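Colleague: The structure under discussion is supplied below as structure tokens; questions concerning it will follow.
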Amino acid sequence: MTELTEQDMKDRFEKRFDCGFDFSIGPGWFSLLADLDDELSAIDPDYKVLQVKQKYGWLMFYAYRPVDANVPGVSVNSLAMSGLPDDDPANSPAQRQFRAAIKAAEDAACHICEVCGAPGQMRSSGEWLMTRCPACAEKEHADPLEDETYRNAGSDDEF
């Protein structure tokens, strides 16, 4: 498999961003994000991305489907998050499939080294949380975490 570069990701995702390219993750997750883009494009070829980043060691992918953003009373930010009630008019089957694909990629990223793409785990280095393989963790003096219950600490990103 060809290793993806930051330029490859910019070329692939730049058209998806309405407010400028905001892609702050390491190259180890690029392949995962390319696969997610393929999956989301199959659901909605016009989907948009608000932001892609690492937060608390986890991949955070904020995106929405423009078709659902046109539902009266629905904000783009609420679509980027997953907290829509089942009876919300924007909570269509396609929207649920869209959010499920994002959640699956975010969950998978916690087992992939953000630096190199090798199998990894959540680790800490001082106050920083990250997903690293043993080799990359050693370079950053990062220790494995025994408990991943901090997932949503300080965040409203409940899934």
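We did not get these values from a lab; they are worked out from the coordinates using the rules stated. In this text, all values refer to a predicted model and were calculated from it rather than measured experimentally. Don't worry about glycine lacking a Cβ; one is built from the backbone with ideal geometry, like all the others, and counts go over all protein chains shown.
Colleague: Show me 40-48, 106-114 ranked by packing, highest mean number of other Cβ atoms within 10 Å first.
Modeller: Highest to lowest by the protection proxy: 106-114, 40-48.
Colleague: Straight-line reach only, C-alpha to C-alpha below 20 angstrom: list the lysines that K48 could link to, leaving out same-chain residues fewer than 8 apart.
Modeller: Qualifying lysines at Cα under 20 Å: K10, K15, K103.
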